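The values are calculated or read from the model by the stated rules, or taken from the named source; none is laboratory data. Every value quoted in this text rests on a predicted model; they were computed, and no experiment measured them. Note: ideal-geometry Cβ built from the backbone for every residue, glycine included; neighbour counts use all protein chains shown. Accessible surface areas use protein heavy atoms only, side chains included; no ligands, DNA or RNA. Shrake-Rupley method; radii C 1.70, N 1.55, O 1.52, S 1.80 Å.
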Amino acid sequence: MDNEHVTNYDAITFTGVDDEWFRVMFDASTVPIGLADEDGLLRAANAAYCAMVGRSWAEIAGRSSREFTHPDDLAQHAAVEGMMAQARARGDDLRIEKRYVHPDGTVRWGWVSVSAVSGPGGRAWTMAVIHDTTDRRIAEDRLLTAAVTDPLTGLLNRRGWFERLARFEETSSHPETPLILAVLDFDRFKAYNDTRGHHAGDRLLVEFATAASEVAGDDALFSRWGGEEFALALPGRQTSQAHAVLQAMGAVMPDSQTFSAGFAELRPTESVADCFDRADTRLYRAKRDGPGQIRGDDN
């Protein structure tokens, strides 16, 4: 059909085109489209929509999309009606980003354009048109992860460590939530590299990172600071506990190697950076005292 013939039809009502044409277009579209009634229950969905939510039409007919919406997006789902009213007042359709969870736990991301349409008897129904953004989100997440992750050990890098620590500055004034910061530095690492080779040095870093992470615990923030230096944050730990954790980390050091460490407890009036500087000063004192030494607020 050329442009001249297209202009013969009403651009809004498509006069002369029967309903079957729209149904074929709806079913054949590669864009996910779903239609819900005034109660939010699905009355129609094409194959692309079913693929987006990971279920057949028989499994979702008459159900609310709430049932396969990601738990973190349920509050947004509940607020859609009000958000649509605000969008209509601006003369726009509502556009939101949300996640759908498949039965196997797979998560798909989509930008959803939500429009009010007239259902049977003039009832207010809703049409959702989805643009699948999963691949873009995965790529973005990978880039973000790479930006804050050390490629050799898989630990946080310096940037990631400080980003994760930012929230502790908001709660550091509370005595019930102490925070210990520590810095660790391998002893005689250059000699180890020179005698055994850089591959052995890399292996030492990786094996230590894995073993020490388990010792530190899930609530700890452990990062490769650079070279053979590591940074550690221990939320909720007292000074004596921090000393014990560092000793336990030293006990899992591969090949009978050692590290020196300094640590400090975050004070109510100081920043994370200032506390880390104090821990770093204690590390230098530990290095002067000989290999395998730990110096902190308690010694």
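Summary of values
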read-out	value
For T269: the one exception among (1) at pLDDT below 95; (2) under 23 Å from A211 (Cα atoms); (3) hydroxyl-bearing (S, T, Y)	(2)
Within the range 205-226, considering residues that are out of contact with any Phe, Trp or Tyr (no Cβ under 8 Å at 6 or more places or on another chain) and not hydrophobic (A, V, I, L, M, F, W, C), the one most open to solvent (accessible area, probe 1.4 Å)	D218
Tally, over the range 113-170, of residues that are in a helix (DSSP H, G or I), open to solvent by less than 30 Å² (accessible area, probe 1.4 Å) and of a type in the set (S, T, Y)	1
Qualifying residues in the range 238-255 (those that are touching a Phe, Trp or Tyr at 6+ places or on another chain (Cβ under 9 Å) and outside any helix (DSSP H, G or I)) - the one most open to solvent (accessible area, probe 1.4 Å)	V252
Evaluation of A248 against (1) modelled with pLDDT of 95 or more; (2) touching a strand residue (DSSP E or B) at 6+ places or on another chain (Cβ under 8 Å) (one fails), failing number	(2)
Residues that are surrounded by 12 or more Cβ atoms within 10 Å (Cβ to Cβ), in contact (Cβ under 8 Å) with a residue 40 or more places away in the chain and part of a loop (DSSP other than H, G, I, E, B), drawn from the range 63-104	H102
Filtered residue count, the range 202-237, keeping only those that are within 22 Å of the chain's Cα centre (by Cα) and in contact (Cβ under 8 Å) with a residue 60 or more places away in the chain	8
Residues of the range 256-272 satisfying the condition of being surrounded by fewer than 23 Cβ atoms within 10 Å (Cβ to Cβ) and either free of Cβ contacts under 8 Å to residues at least 60 places away in the same chain or in a loop (DSSP other than H, G, I, E, B) (or both)	S256, Q257, T258, R267, P268, T269, E270, S271
Residues of the range 115-162 classified as modelled with pLDDT of 90 or more, under 22 Å from L35 (Cα atoms) and among the aliphatic types (A, V, I, L, M), total	4
